[in-house]
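The structure under discussion appears below in the form of structure tokens.
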Amino acid sequence: MTQSHGPLWTLDSVQLDGDRRPRLDVEHLEIRTGCTAIVGASGAGKTSLLNLLVGFESPHHGRIETRLPTDTGRLPLFWIPPDGGLWPQATVDEHLQAVAPHGPQSSQDTLAQFGLDHLQNTCPGQLSAGERSRLSVARGLAANASVLVADEPLVHVDPARLDRDWESLVSGTRQAGTSLVFATHLPSQALRHADRVVVLSDGQVIAEGHMAKLYTHPPSREVAESLGPANWFEPEDALSLIHI
């Protein structure tokens, strides 16, 4: 993985206003190179955070410092929004040709990897929801950006091939030296693939750091349950078990 001299993004005292409360309220957060998962329940602020990172929204308060690689000859950033961001008039093949820097053969290989090679002349309106999800991820990989930000990628993909497509996404970014920042409601995929994790709740960061460390030593029950099935004992529970 290509390393930078500092974090890709630094957020300080950042707020994104909402109707009743801030959609996001982050005292301090650094997003570093590598593979970072953003997890939390629905409404926790995952999309709001990614929108700020990619510049789709601006904070109402606070400061975001961005240090994306700009001297690599690659696109600094590519974004996969929650709706996939596909172009309705473009075919599957044209989606990849529009962004791929390595030519037609590379695009064909990527389409085949996601099971879309037989649909290359098809437009998004004729694809299933799962096929559209796979196309948006295939296009993101084909762009070969230094940083790929993905909001709930592969969310509509059939469970029978979901693990395979996640593996293609993550291994593809690692092989290319691309940092991946993804939001997901699937703790299993975050645990399997992420180097670091940011756990959100009600618009606030309740934990962040190395995935393995937070999974084995979560600071609270909420964090533990955000990272997957967990056995949680309060001190009084542990004492009662000792006396059984």
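The values are calculated or read from the model by the stated rules, or taken from the named source; none is laboratory data. Being a predicted model, the structure only gives us computed values, none of them experimental. Note that each Cβ is placed from the backbone with ideal geometry, even for glycine, and that neighbours are counted across all protein chains shown. When the accessible area is computed, the model is the full protein with side chains, heavy atoms only, and any ligands, DNA or RNA have been set aside. Shrake-Rupley method; radii C 1.70, N 1.55, O 1.52, S 1.80 Å.
What strands (runs of 3 or more DSSP E) completely inside the stretch 1-41 contain at least 2 residues that are modelled with pLDDT of 95 or more, within 24 Å of L227 (Cα to Cα) and open to solvent by 10 Å² or more (accessible area, probe 1.4 Å)?
Values: elements: 9-16, 24-31, 35-39.
Output list reads 24-31.
State yes or no: is L52 open to solvent by less than 40 Å² (accessible area, probe 1.4 Å), under 29 Å from R192 (Cα atoms), in contact (Cβ under 8 Å) with a residue 12 or more places away in the chain and not in a loop (DSSP other than H, G, I, E, B)? In short, yes. Looking at the stretch 55-62, can you tell me whether even one residue there is among the hydroxyl-bearing types (S, T, Y) and more than 20 Å from the chain's Cα centre (by Cα)? Taking every residue of the stretch 55-62 in turn, none turns out to be among the hydroxyl-bearing types (S, T, Y) and more than 20 Å from the chain's Cα centre (by Cα).
Is there a residue in the stretch 186-201 that is within 17 Å of the chain's Cα centre (by Cα), of a type outside the set (F, W, Y) and farther than 30 Å from P22 by Cβ?
Looking for residues that are within 17 Å of the chain's Cα centre (by Cα), of a type outside the set (F, W, Y) and farther than 30 Å from P22 by Cβ, one finds at least one in the stretch 186-201, hence yes.
Does the stretch 149-167 contain any residue that is within 20 Å of P88 (Cα to Cα) and small (G, A, S)? So far as the stretch 149-167 goes, yes, one or more of its residues are within 20 Å of P88 (Cα to Cα) and small (G, A, S).
A single member of Q120, Q126, Q108, Q113 is over 23 Å from S201 (Cα atoms) and surrounded by fewer than 13 Cβ atoms within 10 Å (Cβ to Cβ), and it is Q126. Does the stretch 214-222 contain any residue that is at positive phi, among the small types (G, A, S), open to solvent by less than 60 Å² (accessible area, probe 1.4 Å) and without any contact (Cβ under 8 Å) to a residue 60 or more places away in the chain? There is no residue in the stretch 214-222 that is at positive phi, among the small types (G, A, S), open to solvent by less than 60 Å² (accessible area, probe 1.4 Å) and without any contact (Cβ under 8 Å) to a residue 60 or more places away in the chain. One residue stands out among those in the stretch 78-103 that are touching a strand residue (DSSP E or B) at 6+ places or on another chain (Cβ under 9 Å) and open to solvent by less than 40 Å² (accessible area, probe 1.4 Å): the one that is farthest from L29 (Cα to Cα), which is V99.
So, of the residues in the stretch 148-189 that are of a type in the set (D, E) and within 24 Å of G55 (Cα to Cα), which turns out to be surrounded by the fewest Cβ atoms within 10 Å (Cβ to Cβ)?
Initially, the stretch 148-189 is screened for residues of a type in the set (D, E), giving 151-152, 158, 163, 165, 167.
The next check asks that each one be within 24 Å of G55 (Cα to Cα); those that pass are 151-152.
Working: D151: 25, E152: 21.
In this case the residue turns out to be E152.
Counting just the residues of the stretch 136-147 that are in contact with a Phe, Trp or Tyr (Cβ under 6 Å, 6 or more places away or on another chain) and buried (at least 23 other Cβ atoms within 10 Å of the Cβ), which one comes out nearest to A183 (Cα to Cα)? Top of the filtered list is G140. Close contacts from the stretch 111-135, counting a first residue that is under 20 Å from S171 (Cα atoms) and a second that is open to solvent by less than 60 Å² (accessible area, probe 1.4 Å) and among the aromatic types (F, W, Y), with Cβ to Cβ under 7 Å and a gap of 6+ residues or different chains, come to R134/F114.
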